[in-house]
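Written out below as structure tokens is the structure these notes cover.
The values are calculated or read from the model by the stated rules, or taken from the named source; none is laboratory data. These numbers come from a predicted model, not from an experiment. Quick reminder, even Gly has a Cβ in these numbers, built from the backbone with ideal geometry, and neighbours come from all protein chains shown.
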Amino acid sequence: MKQLSLGNKPELNDYCHYFRGYSLRELKLLQEARTELNLISKKFVLYQLVNYKLGAISLELKEFEKAIKFFQQAESSYIDKQKDYKISSIYANLGTCYLHLNKFKQAELYLFKSIDLQEKEKDSLTIINSYLNIANLYYLQYKDQQAIPYFEKAYFLSKKVNDFNKKRDAALNMAVVEENRGDFKKALIYRKELGQWKDSLNNQNKIWAVADFEKKFAVAQKQKQIKVLEVENKLKNAQRNGLFFAAVGLLLILTAGVYLYAQKVKNGKTILRQKNKLDELNATKDQLFSIVSHDLRSSVNALKTSNTKLSSTLETKNYDELNHLIIQNSTIANGAYTLLDNLLHWAMLQTKQLYFQKESIHLYSIVQQIEHNYKPLLLDKAITFENSVSKNSFIFADLDSLKIVLRNLLDNAIKFSNENSKISFYTQETSADFCELVIQDNGIGMSESTIQELLADNALLAKKNNSEIIGTGLGLQLCKQMIKKNGGTLAIESELHTGTKMILTFPKTKNNG
């Protein structure tokens with residue numbers, strides 16, 4: 001905006017409008033992005049990209065006629081070996097526009113032109129899109145026999161990519177195909193696979209869809225069984241007699257009685273287990289609230305006392321003491337904030353409201369980010385931070401929960417380390433399938449009994465003595481649960497006055513060597 005306000009360099013202004021238009025489109029501000037791109041002069045060196053971007057925006061706004069004009073202009077000005085977009089993309093987009101306008105011949109022409117090029121380029125994601133578009137093209141014309149092979153191609157190719165949306169769309173289309181065929185068993189399999197790619201909290205409707213198909217499948221099975229029984233009954237009708245019916249009736253009554261009694265016993269055991277589990281959860285909740293409220297009260301009381309001293313110090317203008325009190329207030333506030341943050345994440349985890357999306361993560365970069373966030377605390381205690389994580393380490397985990405785990409463990413390491421000490425993050429190669437990350441400090445350490453308590457399930461600590469400084473243990477419990485949700489493990493090695501090693505293992509990304 002500063003450069004545009006000067007307005008004395010047309011070429012630079014074109015670049016500014018282009019970058020603003022590109023950024024606004026990424027933010028889904030499509031009308032604003034279009035306005036910026038339209039301000040670019042036709043002498044702009046990258047003007048062939050402008051037509052392509054305007055076409056893409058029109059397509060997203062469902063202005064298909066406009067989109068076709070822009071894509072045709074981009075096609076006419078296309079330069080071979082263009083790095084920013086491919087001619088196959090233009091063909092695919094033109095085919096999509098004509099498909100939405102129900103101009104099936106033009107759509108078919110461009111979609112097949114794009115798929116020929118995409119198969120040579122071996123771009124699996126764009127090939128899947130084209131397969132699905134071609135399948136829908138035929139499906140809209142009731143040409144099911146031509147559509148189904150392309151739905152199947154898209155489905156099998158989706159198994160080779162990591163894009164969950166593509167997997168979901170391919171599975172959904174196959175489910176619809178099987179529904180239309182009347183094969184509810186296969187449709188149910190695809191529906192269940194579809195459910196794997198959707199988040200259970202944000203997509204409750206899939207539960208009903210799966211239940212509906214399970215019901216249809218069960219009804220179909222029952223109908224088959226009834227038909228078989230009807231045939232058998234007709235064949236055996238002449239041979240049946242009153243004694244047979246009496247015996248069968250007695251057997252059914254006895255079986256029903258045994259079944260009902262077994263169900264009653266089973267339900268009673270289930271209720272008892274649920275009651276015991278609920279009692280445990282309530283006890284944990286009561287203990288947690290007691291401990292957290294005590295720590296929060298202590299923090300608030302300390303902050304109150306410190307603020308009183310701060311007011312007195314302001315009157316005396318003792319700046320050294322004033323600086324000390326401000327640092328102390330900041331430390332207390334940070335501790336209280338960390339406690340509340342952990343409490344919030346713990347509550348969300350317990351109520352299954354925490355969203356987990358696993359992906360390939362470069363471990364070295366994440367540790368660098370965590371170090372940057374905690375730089376002030378490290379400098380305050382003059383602690384040396386060493387990041388020796390292998391730059392070739394990629395793990396398959398949820399990014400947000402991984403950051404919560406590493407922040408908590410680094411925060412503990414800083415808290416329990418002495419001034420002028422050292423904290424190290426490094427990896428160890430112990431398995432082909434798992435990456436082992438070690439967080440090591442040479443702080444106050446802990447006893448074996450404390451380690452066992454911390455590693456126990458749902459253990460919350462509240463003791464503080466001269467040899468060890470222990471908080472609620474909530475942060476570590478949160479870490480354990482999040483590590484477990486990511487398919488990892490946690491181990492602790494420590495000795496009093498020597499230091500501590502927190503050893504985490506996470507699954508490696510499959511294609512990581």
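General observations
- Whichever residue in the range 103-114 is modelled with pLDDT of 80 or more and aliphatic (A, V, I, L, M) and, among such residues, is farthest from L157 (Cα to Cα): L109
- Filter result (in contact with a Cys (Cβ under 7 Å, 6 or more places away or on another chain) and closer than 19 Å to Q477 by Cα) within the range 385-444: V405, N408, L409
- Within the range 460-494, the set of residues being at pLDDT 90 or above and more than 19 Å from the chain's Cα centre (by Cα) comprises T489, L490, A491, I492, E493, S494.
- Once the range 137-156 is narrowed to residues that are over 31 Å from the mean Cα position of the chain (by Cα) and of a type in the set (D, E, K, R), the residue that is nearest to R181 (Cα to Cα) is D144.
- E75 vs. criteria in the same structural domain as I134 (by TED's automatic domain parsing) and either surrounded by fewer than 16 Cβ atoms within 10 Å (Cβ to Cβ) or under 20 Å from Y139 (Cβ atoms) (or both): no
- Among the candidates A92, A33, the residue that is touching a residue at least 40 places away in the same chain (Cβ under 8 Å), in a helix (DSSP H, G or I), assigned by TED's automatic domain parsing to the domain that holds I115 and not acidic (D, E) is uniquely A92.
- Filter pass, L54 being within 33 Å of the chain's Cα centre (by Cα), surrounded by 14 or more Cβ atoms within 10 Å (Cβ to Cβ) and at pLDDT 85 or above: yes
- Qualifying positions in the range 373-388 - part of a strand (DSSP E or B) and either among the charged types (D, E, K, R) or in contact with a Pro (Cβ under 9 Å, 6 or more places away or on another chain) (or both): E386
- For the range 118-164, a residue qualifies if it is β-branched (V, I, T) and crowded, with 20+ Cβ neighbours inside 10 Å, and the qualifying residues are I127, I128, I134.
- Among residues of the range 8-30, those that are surrounded by 13 or more Cβ atoms within 10 Å (Cβ to Cβ), under 34 Å from the mean Cα position of the chain (by Cα) and assigned to a helix (DSSP H, G or I), counted: 8
- Summed over the range 215-234, residues that are β-branched (V, I, T) and under 39 Å from the mean Cα position of the chain (by Cα) total 1.
- Only residues that are within 16 Å of S388 (Cβ to Cβ) and modelled with pLDDT of 90 or more were counted across the range 421-437, and they come to 10.
Conditions tested, residue by residue: (1) touching a residue at least 60 places away in the same chain (Cβ under 8 Å); (2) touching a strand residue (DSSP E or B) at 6+ places or on another chain (Cβ under 8 Å); (3) part of a strand (DSSP E or B).
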{"residue": "F356", "(1), (2), (3)": "yes, yes, no"}
{"residue": "E371", "(1), (2), (3)": "no, yes, no"}
{"residue": "S390", "(1), (2), (3)": "no, yes, no"}
{"residue": "I395", "(1), (2), (3)": "yes, yes, yes"}
{"residue": "S401", "(1), (2), (3)": "yes, no, no"}
{"residue": "V405", "(1), (2), (3)": "yes, yes, no"}
{"residue": "N408", "(1), (2), (3)": "yes, no, no"}
{"residue": "D411", "(1), (2), (3)": "yes, no, no"}
{"residue": "I423", "(1), (2), (3)": "no, yes, yes"}
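- Scanning the range 232-259 for residues that are at pLDDT 80 or above and surrounded by fewer than 10 Cβ atoms within 10 Å (Cβ to Cβ) yields K234, L235.
- Looking only at the range 177-209, and only at residues there that are in contact with a helix residue (DSSP H, G or I) (Cβ under 7 Å, 6 or more places away or on another chain) and aliphatic (A, V, I, L, M), the one that is modelled with the lowest pLDDT: A209
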